[in-house]
Amino acid sequence: MPSGRTPSPVEPLPHQLLAVLGQHRMATTHQLQELLRPGAARQTVSAPLNKLRRDGLVDYTVLPQSNRSRAWYLTSDGARLIRDFPTMRGRPAYPISSATAASLKTPHTLTVVRTHLAFVTDARRRGDEHGHLDWTPEVSHPLSDGERIITDAVMHYTLIGDEERTKLRAFVEVDRATMGGERLASKLIEYARLWLYEPQLVGRPRSRQPATGGAVWLRWYPVFPRVLFVLTGGSRYVLGNRISDLQAMVAEHPLVGTLARQVPMGAAVLDDLEDRGPASDVWVPLTGGDSRPWTEL
């Protein structure tokens, strides 16, 4: 039997809080509680957060019109500290320099965390595997000519069946209706370019490229992740039109259409994810057809 001096394999809550803020850039007290200690008293999370703030590792900005709700983020010292965390290796932590800078990032960043929470809550209910570090925001991938695509989040999710575990991945785009529908839909062109992009060695003809090459995305994924759009910030009519714009891009753009025939793509309204769960029939396939769960697109 292990002695009382045996280190616990579970990271202490303050370490988990720092890792989550490093991963997600920012989160409210309530979001941190739901991610790490659902059902626990608010003080369970707020007390260690306040100590981390006294230690100069985290800070917060007060959300407007929110009964003084706080959105927490890492300071420069906090970002330096977590560089050596095993969970953060290869994942740079970008500190937020001031409360003013935090307030500019707050709306989009917290909406992305809301989207993640919808999947985390659903996974707990279903008995699937999807935790607080299975969602990586702001992931960059190279495109040709020095360009890059930055996806709002990459999701890793494991379905647990009676006799098997199925690993799924998704590129998640969170849209708050702050840009035109056509500009949103053009993101699909970038994903089609990523799907096709094979980097070439400088100065070597394509015919002499090594046979071990291939699409750049194979460096990170065994299968190209499905593409999910989560919409909020408008009426049902407005959001429905934006979904129609995405479907039109699939129908009209040859590269996007080819990608959509091989990679599952769908769009859903954030309120539906939170109210009914992502595994419900709330996802509209971008290739057309009836709404369905994201796992069946």
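Conditions tested, residue by residue: (1) at pLDDT below 90; (2) in contact with a strand residue (DSSP E or B) (Cβ under 6 Å, 6 or more places away or on another chain); (3) under 25 Å from D122 (Cβ atoms); (4) in a loop (DSSP other than H, G, I, E, B).
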position	(1), (2), (3), (4)
M1	yes, no, no, yes
V10	yes, no, yes, yes
L17	no, no, yes, no
L32	no, no, yes, no
P38	no, no, yes, yes
G56	no, no, no, yes
Y60	no, yes, no, no
G78	yes, yes, no, no
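Counting only residues that are assigned to a helix (DSSP H, G or I), among the charged types (D, E, K, R) and closer than 30 Å to G127 by Cβ, region 238-286 holds 5 of them. Being at pLDDT 90 or above, exposed (fewer than 12 other Cβ atoms within 10 Å of the Cβ) and assigned to a loop (DSSP other than H, G, I, E, B), is that true of even one residue in region 196-211? Checked region 196-211: no residue is at pLDDT 90 or above, exposed (fewer than 12 other Cβ atoms within 10 Å of the Cβ) and assigned to a loop (DSSP other than H, G, I, E, B).
A count restricted to region 115-137 and to residues that are surrounded by fewer than 21 Cβ atoms within 10 Å (Cβ to Cβ) and among the aromatic types (F, W, Y) stands at 0. Pick from region 169-189 the residues that are buried (at least 19 other Cβ atoms within 10 Å of the Cβ) and of a type outside the set (G, A, S): which of them is nearest to the chain's Cα centre (by Cα)? By that ranking, first place goes to V172. Count of region 28-38 residues, restricted to those that are farther than 17 Å from A118 by Cβ and without any contact (Cβ under 8 Å) to a residue 40 or more places away in the chain, is 1.
Condition check: in the same structural domain as A153 (by TED's automatic domain parsing), crowded, with 19+ Cβ neighbours inside 10 Å and modelled with pLDDT of 95 or more. Does F229 satisfy that? Against the criterion (in the same structural domain as A153 (by TED's automatic domain parsing), crowded, with 19+ Cβ neighbours inside 10 Å and modelled with pLDDT of 95 or more), F229 qualifies. One residue stands out among those in region 272-297 that are under 18 Å from the mean Cα position of the chain (by Cα) and acidic (D, E): the one that is surrounded by the most Cβ atoms within 10 Å (Cβ to Cβ), which is D272. For S46, the requirement of being polar (S, T, N, Q) and modelled with pLDDT under 85 is not met.
Pairs are defined by a Cβ separation below 7 Å, a sequence spacing of at least 6 or placement on different chains, a first member in region 173-185 that is in contact (Cβ under 8 Å) with a residue 24 or more places away in the chain, and a second member that is basic (K, R) and outside any loop (DSSP other than H, G, I, E, B); the pairs so defined are E173/K187; D175/R242; A177/R242; G181/R242; L184/R242.
When Y157 is tested against (1) over 19 Å from P222 (Cα atoms); (2) modelled with pLDDT of 95 or more, only condition (1) is not met.
The values are calculated or read from the model by the stated rules, or taken from the named source; none is laboratory data. Given the structure is predicted, the values throughout are model-derived calculations rather than measurements. Because the Cβ atoms are built from the backbone with ideal geometry, glycine has one as well, and the counts that use them run over all protein chains shown.
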